[in-house]
Amino acid sequence: MTAKAAGHDDEPGIAAGEAAAGTRPVAGARRAALGDPLVELLFRLGDDRLILGHRLSELTGHGPILEEDIATANMALDLIGQAASMLKLAGELEGKGRDEDALAYFRDAVQFRNCLLVEQPNGDFAQTMARQFLFDAYSVLLLDELSRASHAGIAAVAAKSLKEAKYHLRHSSEWVLRLGDGTDESHARMQRAIGALWRFTGELFVADEVEAAAAAKGAAVDLSGVQARWDTMVDDVLARATLRRPTDTAMQRGGRSGRHTEHLGHLLATMQIVARSHPGATW
Amino acid sequence: MEPTPNAPADETALNAAFEAKIAAGDSIEPKDWMPERYRKQLTRMMSQHAHSEIVGMLPEGNWITRAPSLRRKMSLIAKVQDEAGHGLYIYCGTETLGVDRFDLYNQLLDGSAKYSSIFNYPTLSWADMGVIGWLVDGAAIVNQTVLAKTSYGPYARAMVRICKEENFHKRQGYEICATLAAGTPAQREMLQDAVNRFWWPALMMFGPSDKDSPNSAELLRWRVKRKTNDELRQRFVNLTVPQAQAIGITLPDPDLRYNEATKNWDFGEIDWAEFFEVIKGNGPCNKERLAARNKAHDDGRWVREAATAYAEKQAKKRQTEAA
């Protein structure tokens, strides 16, 4: 051991509670300051679709039937296309010169604003379709509201995405019905999947300062109204699928402020590896 | 063909009519009488083609999650999706020959059916997505453009449609290669490495040399095939060399040179020992490819059962309501 290391000569005065020169004060705000609410809103919308689209794309070529491979790839394509439009618009509004690829490939997990639901692993086909259904129902209702936003750019991208989301919802709710009311095994698997994902649904409807500020800038969403309609829609499909609505009310949240489950980091590690290995390259 | 001596008289007449159609260049349609041997050869070729589309989803699917831009990610998903569509389309085409696609699919799963040897090579870098589009789809197009004039109508029509999409895939692949070639030194190196790995397997896609191709003579006479394996391979080399030159890529063959007399690009000897090993199931990824297809099939069993059970319940419900 060197004398220097033993004596801690060069270390800042941690023991005395002093901040080293030029560093931040030790007492800080509970939450990071809110940026442009429309950019935040578009990150939420875009990241939801990017991450879910990526999850679906993991399945390309591995589906239970060939027709479903085609359908899954189609939904992945729609979602990633929607994400690209939303992140492009976010980058333009942000004005820092980041395009959709810079936002998708060069942000870290804590900078992603997707909900926890979409980053959950594919699991079995029941889990994939349960996740899709729970999200699609939310997505259709949310995009329907946003398609009437007074902000023209957001209204346009929402209206275009809404058409695709309606098709996705039809597809995923049909699978919830088939699996829920299919065989004993498929029923058990679908019930388990709905149960496992339920705790990630509460977050979808939590209004925070972003919603309020975005509403003031021309992109209003009434999340409690969306939740009421989502409840009706989900209850109806679950009932017809002979499935029980989970009764647990303990919900996980954090995605909208960058506090994700551990799954997201692994997803991004895969997604971003080539782009980050060659910074500045064009593809 | 001489009618076999013990063939019934009506079959002799049918066979003569079939041969006359072939000679006149007419297409054979599902309802037409055809020799069993013709039916068998078509079933073999079309099912191998369909299997190749399905297995071919795997090496490219391997890079969907790592595609380096959103645009590339979307076009790769769309390409693999097209392959699923081609597979489905050709399986249905094969059913016009009186076989069940599920039986054919089971032959793929149990390893008794063949598919294109190229898909038993691993995809090791992003550049492989460009090179597969350029060389593998390029080779497929050379094959399929000729198959679009094949004597069996449903197969010919499927090829016309599929060729259009394959052309698009090839352009997309070549564009990835051109972008990498004009990119950073690391990107150029990645591309050259991918070309080095895929060049010879792409040449093998045309099948064994004519002198070792047992089915060729018969297939050519029936106008199922319109050109020999070696003719198509030469055509592919002639088309591809200038494309390599245009983006400054080296092809890994020291014997490659232009022959003024024949106006062909002469090329070196193919390692046929490697080709036959891969065909036999000993290629680098044969086991992985079949394992992946089997896993998807096994994992999906309960889903298919559920879909059937649900459909039956719904049908019963409709019956009850109607009664």
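List of remarks:
- Too-long pairs where the Cα-Cα distance tops 25 Å, listed order kept, from A:Lys88/B:Lys73; B:Lys31/B:Lys316; A:Lys96/A:Lys166; B:Lys73/B:Lys114; A:Lys96/A:Lys217: B:Lys31/B:Lys316; A:Lys96/A:Lys166; B:Lys73/B:Lys114
- Evaluated at q = 0.09, 0.12, 0.16 Å⁻¹, a Debye calculation over the C-alpha positions of chain B (equal weights, vacuum) places log10 I(q)/I(0) at -0.54, -0.90, -1.41.
- Chain lengthening between B:Leu256 and B:Lys280 when straightened (0.36 nm per residue, less Cα-Cα): 5.8 nm
- By the helix-only formula, in which each DSSP H run with n ≥ 4 contributes -39500 (n - 2.57) and the sum is divided by residues, chain A has a 222 nm mean residue ellipticity of -20000 deg cm²/dmol.
- Peptides B:248-259, B:149-160, B:122-133 ordered by packing proxy, namely the average of other Cβ atoms within 10 Å per residue, highest first: B:122-133, B:149-160, B:248-259.
- Evaluated with a Cβ-only charge set (Lys, Arg +1; Asp, Glu -1), the range A:36-277 carries a dipole of roughly 160 debye about its Cα centre, given to the nearest 20.
- Sites B:Lys31 and B:Asp210, calculated FRET efficiency, Cβ-Cβ separation with R0 30 Å, nearest 0.05: 0.35
- Segment B:Ala16-B:Ala246, length gained on full extension (0.36 nm per residue, minus Cα span): 77.7 nm
- Residues A:Ser150, B:Ser27, A:Ser85, sorted so that the one with the fewest Cβ neighbours within 10 Å comes first: A:Ser150, B:Ser27, A:Ser85
- For the peptide B:201-207, the mean number of other protein chain Cβ atoms found within 10 angstrom of a residue's Cβ is 0.
- Inter-chain shielding of B:59-68 (mean C-beta neighbours from other protein chains, 10 Å cut-off): 6
- The sum of -39500 (n - 2.57) across all DSSP H runs of n ≥ 4, divided by the residue count of chain B, sets its helix-only mean residue ellipticity at 222 nm to -21000 deg cm²/dmol.
- Within the range A:239-253: backbone nitrogen closer than 20 Å to the A:Arg192 label point (7 Å, Cα to C-beta): A:241-248
- Split chain A at each of the trypsin sites (Lys or Arg not before Pro) in a DSSP loop with at most 15 other beta carbon atoms within 10 Å, and the longest piece is A:149-243.
- Point-to-point label distance, B:Ala148-A:Arg170, nm (Cα→Cβ direction, 7 Å offset): 3.3 nm
- Farthest towards the positive end of the charge dipole of chain B, among the residues B:Ser213, B:Ala148, B:Asn286, is the Cα of B:Ala148, using unit charges on the Cβ of Lys, Arg, Asp and Glu.
- Partner shielding of A:67-74 amounts to 6, given as the average count of beta-carbon atoms from other chains within 10 Å of each residue beta-carbon.
- Note: the protein assembly as shown, Cα convex hull, 241 Å³ per residue.
- Here, chain A yields an orientationally averaged convex hull projection of 20.2 nm² when only Cα atoms define the hull.
- Spin-label zone in the range A:111-153 - amide nitrogen under 12 Å from a point set 7 Å from the Cα of A:Lys96 along the C-beta vector: A:111-112
- Radius, Kirkwood style, for the range B:11-89 when every pair of distinct Cα atoms is counted (Å): 15.4 Å
- Note on B:Glu175 and B:Asp266: with the Förster distance fixed at 25 Å, the Cβ-Cβ geometry gives a FRET efficiency of about 0.30.
Only the coordinates and a few stated rules stand behind these numbers; no lab work does. The structure presented is a predicted model; accordingly, all values stated were derived computationally and were not measured. Positions of Cβ are backbone-derived with ideal geometry, glycine not excepted, and every protein chain shown enters the neighbour counts.
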